[in-house]
Structure formats: structure tokens, C-alpha cells
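Novice: Right, I'll just put the structure down here and ask away after.
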Amino acid sequence: MSEAFISIDDVYKRFSPRLSMADRIVSKLGARVETRPVRAVDGVTLNVERGQTLGLVGESGCGKSTLGRMIAGIIEPTSGSVRIDGKPVMEGGRKADTRIQTIFQDPFASLDPRMRIGDIIAEGPFAHRLVDKSGERSYVAGYLERAGLDPSFADRFPHQFSGGQRQRIAIARALAMQPDVLVCDEPVASLDVSIQAQIVNLFLKLRREMSITLIFISHDLSVVRHVSDHVAIMYLGRIVESGPTETIYTDPRHPYTKGLLESVPKLLVEDDALVHFKPIMGEIPSPLAPPAGCHFNPRCPIAIDLCRSEDPALRPLGPGHCAACHLAQ
Amino acid sequence: MTALTMPEGEAPILEVKDLATHFFTRAGVVKAVDGVSFSLNRGEIIGLVGESGSGKTVTGFSLIGLVDPPGRIVGGSVKLEGQELVGLDDAGLRKVRGARIAMVFQDPMMTLNPVLTIGQQMHLALAAHERVSKGAARVRSAEALTRVGIPDAASRLDAYPHQFSGGMRQRVAIAIALLHGTRVIIADEPTTALDVSIQAQILSEMRELAREMGTALVWISHDLSTVSTLASRILVMYAGRIVEEGPTAQVLRAPRHPYTAGLLRSLPAMAEPGTDLAQIPGTTPSLLNLPEGCPFRPRCERASELCAKNPPMTRAGERGYRCHHALEEAVSA
């Protein structure tokens with residue numbers, strides 16, 4: 001079997017807490033100091049085909065952003081590998097490939113306020129010799145237009161733009177690097193509904209016209225359903241269910257996926273629909289001390305003894321569809 | 001006129017009429033709230049919906065007199081159980097705030113004092129309006145925490161805010177707002193910062209509370225679907241005005257104002273996955289230089305010359321809308 005375009009193979013990321021001065025001295029003297037690393041991503045294996053969009057869904061602290069950053073080559077996995085087109089995205093602690101670009105949630109934080117839009121967009125391509133000084137202006141203009149912006153904006157500064165326009169600038173900057181893969185970390189979460197629709201449409205257009213592979217990270221289940229071909233649901237660092245978008249949304253098998261989908265407020269409800277509204281009980285446990293066995297077992301309505309002792313593996317349930325649940329049929 | 005439409009025997013608990021709050025900035029006068037009227041009955045939940053800059057938060061702040069300079073309430077009235085709140089001095093407002101009308105904010109970390117335990121803060125909130133002993137305060141605080149779904153409330157009183165998760169902190173903020181048997185709670189995007197599963201818990205708890213205690217809620221949100229699960233009536237704001245109001249299900253099923261319709265159409269939940277979303281062209285106008293007439297005119301596909309004149313609120317039964325070219329009454333269900 002040939003390797004997928006993006007292949008994420010048994011990736012782990014642990015963040016160890018900084019030792020205090022006293023602990024460091026003690027450990028230098030040979031004593032054992034107890035440190036508990038946060039297991040942000042805990043053994044994830046995923047494949048994405050070229051030109052497809054993968055939606056990564058989960059609540060805060062589930063590790064979706066950390067996984068996204070490892071795919072984007074911003075941080076290095078503790079173990080395991082992320083390969084794109086057969087090549088590792090990181091080599092020797094550095095990003096090895098410029099064909100992966102990232103778009104962040106907050107366009108107010110991701111654009112340098114002192115740089116003109118044109119310089120923001122041209123900086124990367126210029127450094128990587130995708131364009132020379134003479135072609136810079138028309139190059140920038142082309143990508144501004146592609147992101148739905150007026151080419152004359154190149155001379156302005158970020159503060160002159162609204163949130164939606166800034167996000168378009170961030171998209172233009174990413175596109176200017178001529179990426180094959182775009183990692184989008186909550187790209188529409190901070191935008192108003194009417195602006196959100198414009199940006200979602202822009203992503204759909206880019207996917208159609210440039211056959212870009214998208215990793216779309218979001219907590220918003222309805223946006224993810226709209227843009228993704230495949231969806232992976234994460235909980236406490238692990239993927240609990242993954243599969244084709246429609247399968248996940250119409251036939252979820254993992255109790256967490258089911259609960260999550262039921263928690264989304266519906267736009268049109270019958271008068272007393274809230275009576276049947278069954279939110280997931282309890283809260284997400286701390287990733288410092290995840291529960292034994294299946295991480296979801298303390299909140300799971302159907303957990304049995306097995307779930308408290310044994311970790312369920314991702315099992316195939318249908319074409320492309322897997323879930324990590326002992327009880328999923 | 002509002003009085004006529006009320007059910008007999010029950011006066012609205014909160015009555016807002018022609019409320020106007022303007023900000024006098026160096027760049028000009030920002031009419032953040034410009035003639036907002038609505039009324040709220042006992043135990044009723046209404047949703048105040050709008051995008052950023054629509055004036056929904058300033059409306060909430062104006063209701064409990066929290067507008068700071070350069071902002072000022074320049075007109076209208078806010079009546080809480082018949083008592084006029086606009087123009088009340090600080091001492092008068094302090095008596096009302098927290099006791100009969102309270103507010104819950106988006107970020108509970110900003111509302112709670114990080115150096116006091118939850119119990120101390122709740123004691124302070126109680127002592128602001130009545131004489132209570134420490135012991136009695138603890139009992140009542142624990143009750144309030146239990147009511148909002150905090151397990152093991154009595155022992156949690158000695159914890160500090162940072163020891164709570166975001167959802168729990170928001171519950172504490174709601175519990176504090178409920179301490180005095182508050183009649184009206186204004187909740188400004190209270191679940192926006194929370195995860196979906198926690199939001200769902202809080203939404204269902206809030207609806208229970210309103211039902212059991214008769215507390216009325218003004219739920220301010222940008223999220224139509226949150227409001228739809230909670231509110232019986234919905235008010236849609238645009239550029240400082242209510243552009244559409246009515247029973248939630250009716251407004252969402254068959255909006256009359258083109259802005260409401262556009263907002264609904266732009267939701268991914270309303271479209272076939274993978275297809276382009278309907279989008280409202282342009283952006284929300286700057287409140288500093290609103291277009292003449294209907295503020296939605298430059299973005300509206302139905303706009304005509306008539307729209308250069310500001311449309312009045314047209315009322316039909318329980319519904320109301322501000323539009324010269326309102327959409328048809330009912331699209332086939």
C-alpha cells in the first residue's frame with residue numbers, strides 16, 4: 001500500500017513542566033523528582049489524501065491545536081513522525097518544507113502591526129526565492145485578489161482592516177508561499193456570522209481551484225461539517241472517532257461523538273426540545289491526570305468495567321470509519 | 001401600546017422604551033443604542049442577537065446603568081417593576097444592582113476576584129444588600145451554588161476562582177447573580193467562551209432556573225442557535241436598533257427582515273455541506289457614519305429609494321420588523 005499524502009504515524013507530544021530551582025538542585029544531587037508531563041497528543045495515527053480536507057474537532061485541551069502544529073512543522077513530536085509526500089515535515093528541529101502553511105485564529109495577533117500588507121505577504125516568498133524584487137508587487141497583487149482583497153491594500157497597515165479582511169490577508173500570506181497543505185487553526189472562530197460565511201466560502205473556493213489539502217481545526221461542528229471530507233474527533237489527546245464527514249454526523253458510534261453532536265444547539269427546535277437535550281455529564285478531566293482505561297469513561301453513559309481498566313484501540317467499523325470504544329458496534 | 005398586548009393581571013417586570021445610549025468620542029457621536037424598546041415578563045427569556053458592533057452589549061450595560069463616559073444614556077426609560085432606572089443616582093443604582101437586576105459577563109475570570117475565595121465573594125455580595133452573619137451567608141451561598149449545578153458546594157466555598165474550570169466559574173458568576181432572588185439577569189455572551197458540552201449543560205440549567213425561580217433573562221448572544229434553544233422571544237439588533245422581533249420559532253422559520261434572513265442563510269447548518277454559503281455582502285457599517293435611512297440599505301438586495309427614509313417598526317401580532325420591503329409573511333413550512 002502506498003503511503004498517504006499526509007501520513008501521521010503514532011505521534012506523541014508531551015509537554016514537561018519546568019522544574020523549580022529547588023527541584024533542579026535536588027535532581028542534580030541524584031534524587032528523583034516527580035514530574036508529570038502533559039500528554040497533549042497521545043498516540044495519533046491519521047492519513048490524509050491529497051486535495052482532501054480533514055476536520056479536526058474537539059473541545060479545549062483535547063490536543064487538536066498541538067496536533068495541527070506538529071503537522072505544520074511548528075513543533076516537533078516527542079515521538080512518531082509526520083510525513084508529507086513521503087518526506088518528514090521536520091528535520092533537526094526545523095521545519096523542512098515550505099509547502100505547509102498555517103492560518104491562525106486571531107488575525108489581530110498574527111499580522112505584524114508595523115508592516116505594510118504588501119511586505120507581510122511578500123516576506124516569505126522573497127526569502128525563499130519564489131519571487132524577486134522586481135516581480136514582488138504583481139505577485140502580491142495576485143494573491144490579494146485570490147483572497148478576495150483589492151490589490152491597492154498592499155500599501156496599507158493591518159490596523160486599517162476589519163477582522164474578516166485581516167483573516168483574508170493571513171490567507172493571502174499563506175497562499176503566497178504556494179503551499180500544498182494549509183493548516184487552519186480555528187480560522188473563523190473570532191469572526192461574526194456574516195463574515196464567517198465569506199471566509200468559509202473562500203476556503204471552499206481555494207480547495208476547488210487550487211486543490212489544496214486542508215487541515216481544518218475547529219470546535220464548531222457545523223462549520224467542520226460544511227468544509228470537511230473527513231472528520232477526526234479528539235478527546236484528551238487521542239482520536240476517539242474518525243471517518244467520512246457524513247458518516248460521522250449521521251451515524252456516530254462513539255458515545256463522546258454522540259454527546260458532542262447532541263450538545264450543539266439546534267437552530268430550529270420543537271417547543272420542548274430542551275427536555276430531550278442530554279448534555280454530556282461532567283467536565284473534561286485534566287490532561288495531567290487522565291483517567292485510566294478509556295479517557296472518556298467517567299463521563300460516559302454506557303461505560304462498563306472494561307472501560308475503566310483497558311484502553312480501547314481505534315477499530316474499523318465501516319469504510320474509512322473507526323472508533324475507539326469497546327462497546328461500539 | 002405594549003400594555004395592551006400584555007397578558008391580563010401581569011405587568012412586565014422590565015420595560016424598556018426608546019432607550020438611546022450615545023458615545024461622545026473625539027471622532028463624533030456614536031449612536032450605539034438608538035431607540036430600543038422591549039418588555040420582559042416574569043420568568044421569560046428573551047434573546048438579544050446581533051453581530052459585533054450592533055449595540056447588544058451596550059444595551060445590556062445601559063439596562064443596569066453601567067455605561068461609562070464618554071458614553072451616556074441620552075433618552076428613553078428603563079422600568080424595573082415600575083421603578084425608573086434611567087437617571088437614578090449611583091446610590092440608587094447600587095441598591096437595585098445585584099439585588100433586583102444583575103449581570104453575568106462573558107469572561108468569568110474578569111468578574112471574580114482572584115484573591116478572594118468564592119465564599120468570601122458571595123458573602124460580600126450578600127452583605128452589600130442586607131445584614132447577614134457569616135454562617136448564614138455560607139448556607140445561602142452553598143444553596144446558590146448547588147442550584148447552578150456545582151457538586152459538593154459547601155466545601156467549594158473555600159476554593160479560589162483559579163481552582164475552578166471555565167464552566168464552573170461561569171456557574172459561580174450565575175450563582176452570585178441569583179443570590180438575592182434577582183428578578184432580572186442580563187447575561188452577556190455567558191457561554192461563548194465555553195466548550196460545547198459545558199455550554200449545553202449551562203443552557204439547560206438556565207432554562208430550569210428561569211422556570212423554577214421566575215427569574216427573567218435577557219440573553220445577549222451572537223449565536224442564533226444558542227438563543228433558539230433558550231429564548232421564547234428574539235430581538236435582532238443591527239446598528240443600534242432592533243430590526244426584527246417576535247417569538248423565536250417564528251422569527252427563525254420565517255424572518256421578515258432581510259438582515260435576519262441573510263444571517264440565517266449564512267449559517268453552515270442551513271446549507272448543503274460543501275456548497276457555498278449565502279453571504280451578506282459588505283461589512284457592518286461604522287456607527288460613526290451610518291448611511292442615511294435604513295442602516296442595512298447598502299448591504300440589502302431588496303433596497304430601493306424608499307429605504308433612504310428610516311423605516312418605522314411595523315407590528316403585526318407578536319411580530320415586529322423595521323423594513324420597507326419586508327419578506328413575505330410565511331414561506332411554506
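Novice: Checking A:GLU123 against (1) farther than 14 Å from A:LEU206 by Cβ; (2) surrounded by 23 or more Cβ atoms within 10 Å (Cβ to Cβ), which single condition isn't satisfied?
Specialist: Against the list (1) farther than 14 Å from A:LEU206 by Cβ; (2) surrounded by 23 or more Cβ atoms within 10 Å (Cβ to Cβ), A:GLU123 comes up short only on (2).
Novice: Which of the residues spanning the range B:171-191 are under 19 Å from B:MET109 (Cβ atoms) and of a type in the set (Lys, Arg)?
Specialist: Matches in the range B:171-191: B:ARG171 only.
Novice: Another question about this same structure. Would you check which residues across the range B:264-277 are open to solvent by less than 60 Å² (accessible area, probe 1.4 Å), hydrophobic (A, V, I, L, M, F, W, C) and within 7 Å of another protein chain (Cβ to nearest Cβ) and list them?
Specialist: Listed by number, the residues that qualify are B:LEU267, B:ALA271, B:LEU277.
Novice: Here's something else I'd like to know. Between a first residue in the range A:274-298 that is of a type in the set (Asp, Glu) and a second residue that is modelled with pLDDT of 80 or more and not in a loop (DSSP other than H, G, I, E, B), which pairs have beta carbons less than 7 Å apart while being 6 or more apart in sequence or on different chains?
Specialist: A:GLU283/B:GLY167; A:GLU283/B:ILE198
Novice: So, one more: State all residues of the range A:95-122 that are touching a residue at least 12 places away in the same chain (Cβ under 8 Å) and charged (D, E, K, R); if no residue qualifies, say none.
Specialist: At the first step, the residues of the range A:95-122 found to be touching a residue at least 12 places away in the same chain (Cβ under 8 Å) are A:95-108, A:110-118, A:120-122.
Within the range A:95-122, A:LYS95, A:ASP97, A:ARG99, A:ASP106, A:ASP112, A:ARG114, A:ARG116 meet the criteria.
Novice: Return the pairs, sorted by first residue and then second, in which the second residue is open to solvent by 30 Å² or more (accessible area, probe 1.4 Å) and part of a helix (DSSP H, G or I), the first residue lies in the range B:252-280 and is free of Cβ contacts under 8 Å to residues at least 12 places away in the same chain, the beta carbons are less than 7 Å apart, and the residues are 6+ apart or on different chains.
Specialist: Close Cβ pairs (under 7 Å, with a partner that is open to solvent by 30 Å² or more (accessible area, probe 1.4 Å) and part of a helix (DSSP H, G or I)) amount to B:PRO268/A:SER222; B:PRO268/A:ARG225; B:PRO273/A:ARG225.
Novice: Could you tell me whether A:VAL224 is closer than 25 Å to A:ILE84 by Cα, assigned to a strand (DSSP E or B) and more than 8 Å from chain B (Cβ to nearest Cβ)?
Specialist: Against the criterion (closer than 25 Å to A:ILE84 by Cα, assigned to a strand (DSSP E or B) and more than 8 Å from chain B (Cβ to nearest Cβ)), A:VAL224 does not qualify.
Novice: If you don't mind, there's one more thing I want to ask. Being open to solvent by 10 Å² or more (accessible area, probe 1.4 Å) and within 11 Å of another protein chain (Cβ to nearest Cβ) is the filter here; which residues of the range A:229-243 pass it?
Specialist: Scanning the range A:229-243 gives a single hit, A:ASP229.
Novice: Also, I was wondering about something else. Out of curiosity, is B:LEU327 in contact (Cβ under 8 Å) with a residue 40 or more places away in the chain and either more than 8 Å from chain A (Cβ to nearest Cβ) or open to solvent by 50 Å² or more (accessible area, probe 1.4 Å) (or both)? Lay out the reasoning, then the answer.
Specialist: Values: in contact (Cβ under 8 Å) with a residue 40 or more places away in the chain: yes; either more than 8 Å from chain A (Cβ to nearest Cβ) or open to solvent by 50 Å² or more (accessible area, probe 1.4 Å) (or both): yes.
It is true that B:LEU327 is in contact (Cβ under 8 Å) with a residue 40 or more places away in the chain and either more than 8 Å from chain A (Cβ to nearest Cβ) or open to solvent by 50 Å² or more (accessible area, probe 1.4 Å) (or both).
Novice: Among the helices (runs of 4 or more DSSP H) contained in the range A:236-329, which hold 2 or more residues that are touching a helix residue (DSSP H, G or I) at 6+ places or on another chain (Cβ under 9 Å) and modelled with pLDDT under 90?
Specialist: A:255-263
Novice: For the range B:171-210, which residues satisfy the criterion of being buried (at least 23 other Cβ atoms within 10 Å of the Cβ), outside any helix (DSSP H, G or I) and small (Gly, Ala, Ser)?
Specialist: Of everything in the range B:171-210, just one residue is buried (at least 23 other Cβ atoms within 10 Å of the Cβ), outside any helix (DSSP H, G or I) and small (Gly, Ala, Ser), namely B:ALA187.
Novice: Filter the range B:154-170 down to the residues that are open to solvent by 10 Å² or more (accessible area, probe 1.4 Å) and in a helix (DSSP H, G or I) and list them by number.
Specialist: The answer is B:ALA154, B:SER155, B:ARG156, B:HIS162, B:GLN163, B:GLY166, B:MET168, B:ARG169.
Novice: Could you check the range B:202-223 and list, in sequence order, the residues that are within 9 Å of another protein chain (Cβ to nearest Cβ) and in contact with a helix residue (DSSP H, G or I) (Cβ under 7 Å, 6 or more places away or on another chain)?
Specialist: B:ILE202, B:LEU203, B:SER204, B:ARG207, B:HIS222
Novice: Of these, B:GLY53, B:GLY82, which one is at positive phi and crowded, with 20+ Cβ neighbours inside 10 Å? Full working, then the answer.
Specialist: Values: B:GLY82 fails: crowded, with 20+ Cβ neighbours inside 10 Å.
Selected residue: B:GLY53, the only one of B:GLY53, B:GLY82 that is at positive phi and crowded, with 20+ Cβ neighbours inside 10 Å.
Novice: So, one more: Test each condition in (1) open to solvent by 70 Å² or more (accessible area, probe 1.4 Å); (2) in contact with a strand residue (DSSP E or B) (Cβ under 9 Å, 6 or more places away or on another chain); (3) of a type in the set (D, E, K, R) for A:ARG32 and report the one that comes out false.
Specialist: So the condition that A:ARG32 fails would be (2).
Novice: Report the residue count in the range B:211-239 for those that are in a helix (DSSP H, G or I) and crowded, with 20+ Cβ neighbours inside 10 Å.
Specialist: The initial filter retains those residues of the range B:211-239 that are in a helix (DSSP H, G or I), namely B:211-213, B:224-230.
Restricting the remaining residues to those that are crowded, with 20+ Cβ neighbours inside 10 Å gives B:224, B:226-230.
Of the residues in that region, 6 qualify.
Novice: Restricting the range A:192-221 to residues that are touching a Ser or Thr at 6+ places or on another chain (Cβ under 8 Å) and either open to solvent by 10 Å² or more (accessible area, probe 1.4 Å) or part of a loop (DSSP other than H, G, I, E, B) (or both), which is nearest to the other protein chains (Cβ to nearest Cβ)?
Specialist: A:ASP192
Novice: Between A:ALA122, A:ALA172, which is assigned to a helix (DSSP H, G or I), at pLDDT 90 or above and more than 24 Å from the chain's Cα centre (by Cα)? Can you show your working first?
Specialist: Values: A:ALA172 fails: more than 24 Å from the chain's Cα centre (by Cα).
Exactly one of A:ALA122, A:ALA172 is assigned to a helix (DSSP H, G or I), at pLDDT 90 or above and more than 24 Å from the chain's Cα centre (by Cα), namely A:ALA122.
Novice: Hey, can you tell me all the residues within the range A:132-159 that are within 21 Å of A:PRO187 (Cβ to Cβ), touching a helix residue (DSSP H, G or I) at 6+ places or on another chain (Cβ under 9 Å) and open to solvent by 80 Å² or more (accessible area, probe 1.4 Å)?
Specialist: A:GLU145, A:ARG146
Novice: Right, something else. Taking the condition at pLDDT 90 or above, within 30 Å of B:ALA27 (Cβ to Cβ) and facing chain A (nearest Cβ under 10 Å), does B:TYR259 pass?
Specialist: Details: at pLDDT 90 or above: yes; within 30 Å of B:ALA27 (Cβ to Cβ): yes; facing chain A (nearest Cβ under 10 Å): yes.
When the stated conditions are applied, B:TYR259 passes them.
Novice: Something else about it: With respect to A:ARG83, determine if the residue is more than 30 Å from A:GLU262 (Cα to Cα), in contact with a Leu (Cβ under 7 Å, 6 or more places away or on another chain) and open to solvent by 60 Å² or more (accessible area, probe 1.4 Å).
Specialist: Working: more than 30 Å from A:GLU262 (Cα to Cα): yes; in contact with a Leu (Cβ under 7 Å, 6 or more places away or on another chain): no; open to solvent by 60 Å² or more (accessible area, probe 1.4 Å): yes.
Judged against the criteria, A:ARG83 is not a match.
Novice: Scan the range A:87-109 for residues that are among the acidic types (Asp, Glu) and either part of a loop (DSSP other than H, G, I, E, B) or in contact with a Lys or Arg (Cβ under 7 Å, 6 or more places away or on another chain) (or both) and jot them down.
Specialist: First, pick out the residues of the range A:87-109 that are among the acidic types (Asp, Glu): A:91, A:97, A:106.
A:ASP97, A:ASP106, listed by residue number.
Novice: Of the numbered conditions (1) open to solvent by less than 70 Å² (accessible area, probe 1.4 Å); (2) over 28 Å from A:LEU288 (Cα atoms); (3) modelled with pLDDT under 90, A:PHE108 satisfies every one except a single condition; which is it?
Specialist: A:PHE108 satisfies all of (1) open to solvent by less than 70 Å² (accessible area, probe 1.4 Å); (2) over 28 Å from A:LEU288 (Cα atoms); (3) modelled with pLDDT under 90 except (1).
Novice: Within the range A:44-53, track down each residue that is open to solvent by less than 10 Å² (accessible area, probe 1.4 Å) and either more than 14 Å from chain B (Cβ to nearest Cβ) or of a type in the set (D, E, K, R) (or both). Steps first, answer last, please.
Specialist: At the first step, the residues of the range A:44-53 found to be open to solvent by less than 10 Å² (accessible area, probe 1.4 Å) are A:44, A:48, A:53.
Answer for the range A:44-53, where residues must be open to solvent by less than 10 Å² (accessible area, probe 1.4 Å) and either more than 14 Å from chain B (Cβ to nearest Cβ) or of a type in the set (D, E, K, R) (or both): A:VAL44, A:VAL48.
The values are calculated or read from the model by the stated rules, or taken from the named source; none is laboratory data. Source: prediction; values computed, not measured. Cβ: placed from backbone, ideal geometry, glycine included. Neighbour counts: every protein chain shown. With ligands, DNA and RNA removed, areas are computed over all heavy atoms of the protein, side chains included. Shrake-Rupley method; radii C 1.70, N 1.55, O 1.52, S 1.80 Å.
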